[in-house]
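Read the structure below first, then the notes.
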Amino acid sequence: MGVDVEDFIWIASYPRSGNTYLRTILRHVFGLRSASIYPNDLAGNKALEAYVGHVEYNSMMQKRIHNEPLLIKTHEYARDNRPAIYIIRDGRAACVSLWKFYDCTKSMESVVEGFYRFGTWGNHVKSWGPWARPNTLLLKYEDLRDDLPMCLEMLSQFLKIEVVSTVIPDRDIIAAADGKWVKKETDWRAELNGENLRKFMEINGEILNKAGYL
């Protein structure tokens with residue numbers, strides 16, 4: 001998809017839903033770099049930046065390849081109608097991962113109930129409305145993990161760019177170079193249960209079901 005300098009494509013998600021993993025795939029499979037609305041997004045970890053294909057926004061604009069799609073990461077709520085790739089992950093897993101990203105300094109209850117800047121998982125998904133939003137590709141994190149060829153075909157059609165490689169770095173290798181933005185897989189059930197799980201389902205159950213996670 002050729003885009004003007006003033007235009008770009010969002011790479012959007014609720015935090016801890018696979019945004020960094022998707023950016024890594026875009027880099028290694030399609031040769032595409034991506035920026036972020038958050039300055040110094042990966043805390044200056046050069047090894048991780050290389051895996052992900054991350055460049056600071058200003059640098060990307062200065063060195064942008066003609067007709068290369070301009071891809072910008074965001075975790076904010078939808079605020080315009082620009083084209084977007086929205087990546088969704090089981091909200092229970094995303095909340096547990098977010099809780100761990102904050103080094104468990106926030107309570108699990110506060111994350112589940114959205115008492116921080118990004119709100120609840122369900123409200124974030126509803127804000128983007130990826131099932132009906134025009135010019136939006138909805139990808140599941142679980143499909144990226146378990147059925148990559150299908151996702152690559154969807155990305156290729158959406159971006160109108162051919163696959164140049166099907167080899168991506170192993171997730172655990174990337175995690176070893178980072179450990180904060182990319183972590184080894186864990187089971188959310190060990191951390192989200194009891195009253196916190198009941199509250200999560202009360203708040204997010206409708207969207208969890210719509211997304212096919214129940």
Exercise for the section: Would you calculate a helix-derived [θ] at 222 nm for the chain, using -39,500 (n - 2.57) for each DSSP H run of n ≥ 4 and dividing by the full residue count, to the nearest 500? Expected result: -12000 deg cm²/dmol
Handout entry: Mean separation of Cα contacts under 8 Å (6+ apart) over length of region 92-157, as relative contact order %
Key = 15
Practice task
Starting from the amide H of ILE85, placed 1.01 Å from N in the peptide plane, find each other amide H under 5 Å away whose residue is 5 or more places distant or on another chain.
Solution key: TRP10, ILE11, ALA12, LEU137
Exercise for the section: Note the listed values (i) 93, 36, 30; (ii) 55, 41, 35; (iii) 52, 38, 31, then indicate which one is Cα extents along the principal axes in Å calculated from this particular structure. Expected result: (iii)
Handout entry: Above-threshold pairs, the threshold being 30 Å between Cα atoms, out of LYS160/LYS210; LYS73/LYS160; LYS126/LYS199; LYS46/LYS210
Key = LYS46/LYS210
Fill in the blank from the handout: Taking the alpha-carbon centre of each part, the distance from region 184-214 to region 104-169 in Å is 16
Practice task
Compute the relative contact order of region 9-210 as a whole-number percentage, counting only Cα pairs closer than 8 Å that sit 6 or more residues apart in sequence.
Solution key: 29
Fill in the blank from the handout: Per GNM of the chain with C-alpha springs under 10 angstrom, the most fluctuating residue out of ILE11, ILE173, ILE87 is ILE173
Practice task
For LEU71, enumerate residues with amide H under 5 Å from its amide H, sequence gap 5+ or separate chain, H modeled in the peptide plane.
Solution key: ILE9, ALA35
Problem - Where GluC sites (Glu not before Pro) fall in DSSP loop in region 113-212, at most 14 other Cβ within 10 Å - result: GLU162, GLU185
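Throughout, read-outs are computed from the coordinates displayed, never taken from laboratory work. Worth saying up front: this structure is predicted, and the values here are computed from it rather than measured. Because the Cβ atoms are built from the backbone with ideal geometry, glycine has one as well, and the counts that use them run over all protein chains shown.
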